[in-house]
Structures are given as structure tokens and as C-alpha cells.
1. Which one of 123, 134, 227 has its Cα pushed farthest toward the positive end of the charge dipole of segment 102-232, where Lys and Arg give +1 and Asp and Glu give -1 at the Cβ?
2. Which entry is the computed Rg and Dmax of the Cα atoms in Å for this structure: (i) 17.5, 51; (ii) 18.5, 57; (iii) 16.7, 47?
3. Kindly rank 90-99, 174-183 from highest to lowest mean number of other beta carbons found within 10 Å of each residue.
4. Counting DSSP beta bridges with both partners in the chain, what percentage is antiparallel, nearest 5?
5. Given a 10 angstrom Cα cut-off, can you work out which residue in 141, 66, 123 is the most mobile in a GNM of the chain?
6. When the helices in the chain are scored as -39500 (n - 2.57) per DSSP H run of 4 or longer and the sum is shared across all residues, what 222 nm value do you end up with, to the nearest 500 deg cm²/dmol?
7. Of all DSSP beta bridges located in segment 80-210, what percent are antiparallel, nearest 5?
8. To the nearest 10 square angstrom, what accessible area does residue 131 show with a 1.4 Å probe?
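The values are calculated or read from the model by the stated rules, or taken from the named source; none is laboratory data. Keep in mind the model is a prediction, meaning the values are calculated, not measured. In this analysis, Cβ positions are derived from the backbone assuming ideal geometry, glycine residues included, and neighbour counts consider all displayed protein chains. Just the protein is used for accessible areas: all its heavy atoms, side chains included, with ligands, DNA and RNA removed. Shrake-Rupley method; radii C 1.70, N 1.55, O 1.52, S 1.80 Å.
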Amino acid sequence: MTRCAVLGSPITHSLSPAMHRAAYAALGLDWRYDAFEVEEDELRAFVASLDEDVRGLSLTMPLKRVALDLVDTVDPVAELIGAANTMLFEPDGSRSAHNTDVPGLVNAFAEQGITAAETAVVVGGGATAASTLAALRGMKVSEVTVVVRDVSKAERLLDLAAELGLRMSVADFTQVEQIGGFDLCVSTLPGGAVDPWAEHFAAVAPVVFDVAYHPWPTKLAIAAHRIGTELLNGLDLLVHQATLQVEMMTGRSPAPLAAMRSAAREELGDREPA
């Protein structure tokens, strides 16, 4: 039986098993998809121990950077971002690393009819923010403001923006009130982290993408809904990056987006407290 899996730490919260298994069922594939708790220093040994029946791995934190050292080829996006969320095992025994977060974000916006913009504000400065910068550049965005707690820690993002040809400025949360007038707003912070500034960021752009998805709704989502701001959430990103993984791993396209989204929503619903 062909097998795939998601790795990371922590991993029990992952929706990947629900989404990928739903895809296999819809595609009529008798494949298996599991989840494994794997720390950064354990990834090399884990990969080396895998049998030939493994086709692909989905990678979550903290494995997205170290995975680049364990493959034969790295796709241009993963190399640029410095992070891969997908590892493929080829029939010839070689391994390749890919990043589906970037095109997944582009596709999530496109599903809502948003394919281009000029300016954006990105809240947060971590790995998701880096993927967001690349995605926004792919949508023809030319100017970005990144809001972080510590401006000195944004140097890597500034370097990435320069490589992408993006004009990027950096602000901290003491400057939030001076920030506004963008086409898009993307909050890359985990649920609750942006709460103190939710009312402001809900109004800085006509479209807000909150990458959080559980618990939902966030204060940012509630504020955006109240004033009529168009809203996307992390489940949109999660499903779109997973469909690309399924297509890569199975060689079947298009992946069953609706079935995967339904499975993710059902899994989240099962986790809600009674």
C-alpha cells in the first residue's frame, strides 16, 4: 500500500490526515496517510527509516527548514523562502522538497476573485510572513508594510523582499494607529495574538486574510465581519496548500477541493467543546 504522512511537533492538532484521507477516498485510491510526532533533530533518522512504499510527507513546524538539507532537489519557491512543507520520494530513489504554502495562499485569494493588488500590510514576522511576501509578489503587489513586535528581527524579511523586488517597510505595534490604506491585510499571527489591535487591522484594507482558523472566529474576524470587510481565514490556506500536496503526491489533478474542505471543517467541528 502506498503511504504518505504529516510530520511535526506538536502534531495532534493537524488537519492534514482528515484532508488527505478524504482526497484519497474521492479519488478512489487505497492509500494510507498517518501523522507522526517528529522533532527537528529526529527528521533525518525518520526519513532514512522509511520504506519504499512512502510517496510523500507533509511537513509542519519545526521541520520546514531542516528538510531542505535532506533532499536532492529543492523547488525555487522553497529555496527562496528557505522552507519546505512537502517532501516527495521519487521512483528512482531521489527526494525533492517543495513549498505549497506560497501557491496555496495565491489560490486561496484567487478563489475569492482576488488575483492582483498593489499594496498590503502583513502582521507578524515569522515563516508564514515570509511565504506571504512571496505570494503577494506573485499577485503583483509592489509595496508591503510588515508589522512586528521587534523591528530588529525583520532583517530576514527585508532581505527576502529585496530578492522579490518588493518595497517593504517595517513598523512595530506602537505605530499601528498610523498604518492604513492598503488593498490587502494578512495577519500571520496565531489566534488571539492580534486581538489588542483587531479593530484597527479589520479596517486597514477592504480584504483581510486571517491565517488563524481555530478557535474561530477570532476577534479580528468578528471585527472585519461587523464592518463589512471581506474575510478569508486559515482554513482557506490550509485546504489550498493541501490540494497541491495531494496533486504532487498522487499525480492526479485536480485534487477534490470540496471534499477536503468538508473533511477539515468536520474535523474542526468534532473538536469544539460540547
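1. Among 123, 134, 227, the one farthest towards the positive end of the dipole of segment 102-232 is 134.
2. (ii)
3. Numbers: 90-99: 15.6, 174-183: 13.6.
So the peptides 90-99, 174-183, ranked by packing, come out 90-99, 174-183.
4. On the way: 7 of 43 bridges.
Taking every DSSP beta bridge within the chain, about 15 percent pair in antiparallel fashion.
5. Looking only at 141, 66, 123, the largest GNM fluctuation is found for 66.
6. -11000 deg cm²/dmol
7. Percent antiparallel among DSSP bridges in segment 80-210 is about 15.
8. Surface accessible to solvent at residue 131 totals approximately 10 Å².
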